[in-house]
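Since the structure comes first, as structure tokens, the remarks are kept for the end.
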Amino acid sequence: MPAYMIVTAKIADRDAFIQGYGAAAGKLVEQFGGKYLLRGPGVELLEGDFGDGASMVISEWPDKAAAKAFWNSPEYAEAKKLREGIADVQVLLIEADSITG
């Protein structure tokens with residue numbers, strides 16, 4: 001069953017974030033079998049307390065295990081260091097549920 005990783009990020013230095021963390025993470029997403037469905041700034045917060053004006057990334061994975069293999073990998077642990085001090089993030093992981101009818 002496909003899984004989706006949803007990331008909301010408040011980014012202080014967009015250029016540094018994209019050139020450092022974004023480039024490194026992008027290569028790893030592909031390497032671990034994921035693909036990006038959406039990447040973009042300008043989230044409009046309709047309810048809650050995190051995300052207004054933030055960037056959002058949604059990636060699709062073959063399953064939850066593949067997403068967690070990426071997330072828990074030593075390679076990604078190194079990539080995450082590239083966003084320290086320049087982004088506050090919220091990361092969610094959810095499996096898809098097929099809806100019929």
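Below, the figures for the structure above:
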quantity: Residues that are under 20 Å from Ile94 (Cβ atoms) and aromatic (Phe, Trp, Tyr), drawn from the range 16-59; calculated: Phe32, Tyr36, Phe50
quantity: Criterion (under 13 Å from Val7 (Cα atoms), touching a residue at least 60 places away in the same chain (Cβ under 8 Å) and not β-branched (Val, Ile, Thr)) met by exactly one of Asp88, Asp63; calculated: Asp88
quantity: Checking Asp13 against (1) within 20 Å of Ile94 (Cα to Cα); (2) over 12 Å from the mean Cα position of the chain (by Cα), the condition it does not meet; calculated: (1)
quantity: Residue satisfying condition, being modelled with pLDDT of 95 or more, small (Gly, Ala, Ser) and at negative phi, within set Ala54, Ala25; calculated: Ala25
quantity: Counted residues, the range 47-68 - those being over 15 Å from the mean Cα position of the chain (by Cα), under 18 Å from Ala9 (Cα atoms) and among the aliphatic types (A, V, I, L, M); calculated: 0
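The values are calculated or read from the model by the stated rules, or taken from the named source; none is laboratory data. Keep in mind it's a predicted model, so treat the numbers as computed, not measured. Reconstructed Cβ throughout: ideal geometry from the backbone, glycine too, with neighbour counts over all protein chains shown.
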